[in-house]
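Worksheet for the structure shown next.
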Amino acid sequence: MTVKAFSKPDSSTSAPNKTMERLKFAIVLSGILIVAAAAYLSLALMWNKFSRAEVFFAECVREMLQADALVTPLYHGVPFFDKPIFSYWTIALSYKLFGISHFSARIPSIIAALGSLFITGWAGKRLFGPRAGSLSAAILASSFMFLSFANLCMSDMTLVLFDCISLSLLYAACHYPANRNIFFWLASLSLGLAFLTKGPVGIVLPGISFAAYLTLTRQWHTVKFFSHALVGIAIIAVAASPWFIAAYKENGAGALSYFFIRENLQRFAGSTYDTHKPIWFMFLSLASGFLPWSVFLPGALKKSWSNWRADFSNQDSRKQLYLWLWIGTVTLFFSFSRGKIDYYELPVYPAAAILVGNYLSELIDQQKKTASAFAWFFSGIFVLAGLGAFTALPALNFIPYILLFSGLLMGLLTYRNMLRKTYKLVFISICLTAIAFAYQIYPLIARQQAVLFYTPIIAQAKEMRIGVHSSLQNWIDEITFQTDKEPLNIKNSAMAALFLKAQAPCLLLIPQNEFLKLPQSVKEQSRIIADRPFLSGSLNPLRLLKPRTAPVHLLLVTNTQN
């Protein structure tokens, strides 16, 4: 007999009512995807510089297409095996369809993020009902780190998507005997693609999580050695191994050694990349990155613990166990790594969203004071943020009004005990604020980035060497991506002087204070093409709130006189 573990049966619901329920859920989930897509696309479109590690992916693919290389990622002309090939291929396809740009490089991540939202909403519905499902999707879409990475050109959002698919299908395989084989095989394909996206963690972490669930619930009998395990391994190998074989043939064993040993084992052990983070860092990352919804995680865990103690064999208890094991496996695994990074926690966000969506949905249905208290809390936070934005960002038109109006409307809905609408308004408000942020804050930052105005000049400079002062070295990759030129890192004044004194024509990007340190003879022989104030240091939007100081000027200097 098939166990309907993915849904809560309700014999009192007639067929027409079920149809209307499905239609309503489809409409609500579609609305969530549309609002989220508007936010992600706006952020991707309006930020014209790469953040974090984006440029490694974007520049590698640009060089791959330029060299007509589909197997070997190239970074400044050198094979670069930091990650497997799948994300590079998706970016390459986007470049082919939409041209090479910051925006097109980010499209695959946006698609993966929206796919993860869809699966999270669908899985939440199947596990805990349509209301919990739609709330789960809204929670995931508006959690801080998911929102931030959904529009970045990196491989992490693609891994989130494949983890969502794999773990959803593995759970379904346990509880739907009639379709068990196909679920296991599709899960294996997804695991193979996860491996091709991020490496061993794409298989190891879902595998550990699933094995722990089978052990605790005594369901190892559902996995057949030949039809599931062996066939699954074969599917994973067929999906992932061809590229690794091709990479070996083109680059030798050193490429595979670099990836598997240096970028996985040694990075985990900290011998190549030690972030010096404490063992509890990943828990802090989940608490901060999953804001504002992480405030509900302790309550959700307490509720799950009570369910396990009352009846561990209960289906709701097992559903929650599966999700907590998903979270616990990833968090504990990276807690023991010395190469901890906050966004390594991203694959657990869908599970956290479903748990919080179910917990919050039940609080609302049961009219618990906790749901009302947090609704008032969110209302107050938005109102205070809106008032603060009026003071800190007086030139902006939309952000303060969005925050203030949303907070007041949340208060009104809470007062009328319309809590479900209050929490969905939190999601909508966060996305609207992100859209306003993209169109108002990003241009303010861009106007203070003189390099963005100089790159067109550099791109048009034919047969000229390009130099970039070491204080601006974080711009070197960006300049290469935008101009197809390889800048030289000018490390000190002596090197800058030699660079400008050389016979070959050149352009040099250098802060004004560093240019003034050069010998007088060099300054007299040089010509300043452009002089603009710029925001030095990291591109942190919060720096706009700091008191104004004397502006730093960035010069574009040449050794030619015309």
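Throughout, read-outs are computed from the coordinates displayed, never taken from laboratory work. Remember, predicted model here, so these are calculated numbers, not experimental data. Note: ideal-geometry Cβ built from the backbone for every residue, glycine included; neighbour counts use all protein chains shown.
Of all aspartates and glutamates in the structure, those lying under 13 Å Cα to Cα from LYS501, and not within fewer than 8 positions of it along the same chain, are GLU524.
Could you state the number of Å between the C-alpha centres of region 437-511 and region 101-146? Here the answer is 38 Å between Cα centres. How tilted is helix 130-142 with respect to the longest principal axis of the chain? Cα atoms for both, answer in degrees (0 to 90, nearest 10). Orientation of helix 130-142: about 20 degrees from the principal axis. Whole-percent P(r), region 161-269, all Cα pairs, 5 Å bins from 0: 2, 12, 20, 22, 17, 11, 9, 5, 2, 0.
So which of LYS462/LYS491; LYS369/LYS424; LYS198/LYS424; LYS224/LYS249; LYS224/LYS340; LYS24/LYS319 end up more than 26 Å apart by C-alpha?
Details: LYS462/LYS491 24 Å; LYS369/LYS424 18 Å; LYS198/LYS424 33 Å; LYS224/LYS249 35 Å; LYS224/LYS340 36 Å; LYS24/LYS319 24 Å.
Violating the 26 Å limit, Cα to Cα: LYS198/LYS424; LYS224/LYS249; LYS224/LYS340.
Against the chain, whose longest principal axis comes from its Cα atoms, helix 15-46 is set at around 10 degrees.
Which value, in debye to the nearest 20, gives the size of the charge dipole of region 450-558 about its Cα centre, when Lys and Arg are +1 and Asp and Glu are -1 at the Cβ?
Details: 12 positive and 8 negative charges, 67 e Å.
Here the size comes out at about 320 debye.
Charging the Cβ of each Asp and Glu at -1 and of each Lys and Arg at +1, and nothing else, the dipole of the chain about its Cα centre rounds to 1260 debye.
Summing Lys, Arg as +1 and Asp, Glu as -1, what charge do residues with Cβ under 14 Å from the Cβ of ASN417 carry, ASN417 excluded?
Cβ neighbours under 14 Å give a net charge of +4.
With 5 Å bins beginning at zero, the pair-distance distribution over Cα atoms of region 450-558 amounts to 2, 12, 24, 25, 19, 10, 5, 2, 0 %.
Taking the Cα atoms only, what angle lies between the long axis of helix 419-447 and the longest principal axis of the chain, rounded to 10 degrees? Roughly 10 degrees, rounded to the nearest 10. THR370 sits among other residues whose Cβ lies under 12 Å from its own Cβ, and their net charge, with Lys and Arg +1 and Asp and Glu -1, is +3. Straight-line cross-link partners of LYS523 among the aspartates and glutamates, defined as a Cα under 15 Å from its Cα and at least 8 positions apart when in the same chain: GLU514, ASP531.
Since only LEU45, PRO16, TYR75 are under comparison, the one whose Cα sits farthest along the positive direction of the charge dipole of the chain, derived from C-beta charges on Lys, Arg, Asp and Glu, is PRO16.
How much net charge surrounds TRP220 when only other residues with a Cβ under 15 Å from its Cβ are counted (Lys, Arg +1; Asp, Glu -1)?
+4
In the chain, what percentage of the DSSP-assigned beta bridges are antiparallel, given to the nearest 5? Within the chain, antiparallel bridges account for around 65 percent of the total. Of the options LEU498, HIS469, THR480, report the single residue whose Cα projects farthest towards the positive end of the charge dipole of region 450-514 (beta-carbon charges: Lys, Arg +1; Asp, Glu -1). It is LEU498. In units of the rule-of-thumb radius 2.2 N^0.38 Å, the chain shows an alpha carbon radius of gyration of 1.08. Within region 444-498, the trypsin sites (Lys or Arg not before Pro) that combine a DSSP coil assignment with at most 13 other C-beta atoms in a 10 angstrom radius are LYS462, LYS491.
Calculate for the chain the 222 nm mean residue ellipticity that helices alone would give, adding -39,500 (n - 2.57) per DSSP H run of length 4 or more and normalising by residue count, nearest 500 deg cm²/dmol. Each step should come with its number before you reach the end.
On the way: 23 runs with 355 residues, N = 562.
The helix-only estimate for the chain comes to -21000 deg cm²/dmol at 222 nm.
Counted by neighbouring Cβ atoms within 10 Å, the residues ARG416, ARG126 run from fewest to most as ARG416, ARG126.
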